[in-house]
Every structure is written in structure tokens, then in C-alpha cells.
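The values are calculated or read from the model by the stated rules, or taken from the named source; none is laboratory data. Just so we're clear, the structure is a prediction, and the values are computed from it rather than from any experiment. Here the Cβ positions follow ideal geometry from the backbone for every residue, glycine too, while neighbour counts run over all protein chains shown.
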Amino acid sequence: MYSTNTKSILLDFFSFLKKPTDQQIHLSVKDRLLVILKLLILELLFTLIIVLPLDYLIDEFITIKTPGLDYRLKTLYSIILLMVILVPFLEEIIFRSVLRYNSLFSKYISREKWNRFFPFLVYSMSILFGLVHASNYYNDSWVFYALSPLILLSQLSGGFVLSYIRVRINFYYGFLYHALWNFTAVLIIPSIILLFSDPLIDQTKIYNLKIDENIVFHQNEPQKISMKIEDNIIYKIEAEQFYLQDILDAVYGKEKYYVDEYLIDMNFSSKQGITKEQFKKILEKEYDIE
């Protein structure tokens, strides 16, 4: 008898990790939703306690670069359609749809052979799911590949959780979990962080700087940038709805420096002007620029 208390869910999940079995559980809709909600909370805690500290340590050895999304894909509607609905659905079809014995498979393989093959299938699809997400980064150094199991730990662990839900409940609850995870990671958590963060305001006798960070790109608002730079002296930078990376590229040249994906509004002014190196040091008070 399957219990929906947290301890029982964890015990069954770890038993599944140890030796995956193609066994479905029969629960009410309410209990199914309760199971995926508890797993979502547990995975968020795992990310907070294990994954994020590891990411911090890895950053000491290597800069993990992520390409910025096209601005058109950064809108609220695009994020929900692509990241929350379409991508999770396609990934569940590709990596999890095969994780149940059915009438089609029965024509080619007996249930007994399937049961022996099933653990390998779960492991391989879960690991492949994690490794595919290496394409989220661009880095060709040997250190990146050596540390990739740790860099991709969140995706690898997520692959096993999704496999567990797909097998124990069904495909559609796996998709629901995947969609909820992406929605939480891409929109909810960044929005909460931004809600409790103040704009960057740095005012001195020499310059004034204000930066507001945004979660999504607003298509109904103008995207514009204006700069006054003479002889490598910066007097003004005004930008609305630009990635900080794109601003760095405009000031210093393409790909000379790297910074994480921040969609910002920037207003910088200096009557006497400052050097490009001074401007970089000002930004480094708030951002890690490599």
C-alpha cells in the first residue's frame, strides 16, 4: 500500500533509484497531486542545500557561460509557451514516454525480459536527459567536461525524479511536474528575488548610475540604447530592456568580457567622464564580470 507521507515517498523513490521497477501506483487525483507537490518541494530543497553551494564552488574553478535568449523569447508569453509548456512536453515524450511496458512493446519483448532491461532504460534515459542540457552552456575547456556531472547535477537529479513520476503515476503527471518546475525556476523564484531587491543606485560627485533588473522583456515598451563615448571616456549610457552582456559588448567589443544573463534598464551619466576600466570596476561592485 503506497502512502503519501513524505517519508514513504522518499523511501519508495530511493528504492526506485536503487533498482527501478515498472510498477504503477493507483492513487486518487488529490493524492497524485500531493505526491508531485511534495517531490517538487524536496527537489527545491535539494537544489538550495546541495546544488547551489556546489555551483558556487565550481565558479571558483571555471566560468560557466550561458547564451542569452533572443529578446523575443524573453517575453512572459514566450517563456510560458516554450519553457513551461512546449519544451517540457517534448522532453517528456522523448525521454520518458518509453518508460512503461505496453501492447506495442509486448510484440517485440516479453515482460520478463523487459523487467530485466528496465533499470538500464531508466538510468540511460535519465542520464541522457541531464547530459542533453549541457547545450545550455557554451564552454569547451576540459575542466567543464570534467566537472559536467556536478554542473548538470540539477538536470540529472531532475531526470530521475521525472522518471519516477512517469512510472509510478503516468506521463501526464510527469509533464505537469516538469512544467511546474520550469515555471518555478524561470519565473517564480527570480520574481521573488527581484521583489526583495532594490535597484542598483551608485551616486558620486563624478558619476550617477542606476540599474533596474527585469525578469521578462516587454514587447509593448521600447528597446533603446544611447551612448556617448569619446576617446575611450564614457560620458553617458542609457539603455532600456537590454542584456548587460550586450551593453558590455557595445562598450568593450564583442565577447571581451562575460557576465550572466541580466535584462536591465541602465542610466549612467558623468559630466567629466570616466574610463572604460573605471566603468567596469563600478559594475563589478554588483556583477561578476569575467
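Remarks
- Of all residues in region 100-125, none that is among the charged types (D, E, K, R) has its Cβ atom under 6 Å from the Cβ atom of a residue that is surrounded by 11 or more Cβ atoms within 10 Å (Cβ to Cβ), 6 or more apart or on another chain.
- Filter result for Ile58 (in the same structural domain as Leu156 (by TED's automatic domain parsing), within 30 Å of Ser124 (Cβ to Cβ) and surrounded by fewer than 16 Cβ atoms within 10 Å (Cβ to Cβ)): no
- Residue-level check: of (1) free of Cβ contacts under 8 Å to residues at least 60 places away in the same chain; (2) within 20 Å of the chain's Cα centre (by Cα), Ile64 misses just (1).
- Scanning region 120-128 for residues that are surrounded by fewer than 15 Cβ atoms within 10 Å (Cβ to Cβ) and either more than 30 Å from Gly68 (Cβ to Cβ) or hydroxyl-bearing (Ser, Thr, Tyr) (or both) turns up at least one hit.
- Of the numbered criteria (1) part of a helix (DSSP H, G or I); (2) touching a Ser or Thr at 6+ places or on another chain (Cβ under 7 Å), the one Val87 fails is (2).
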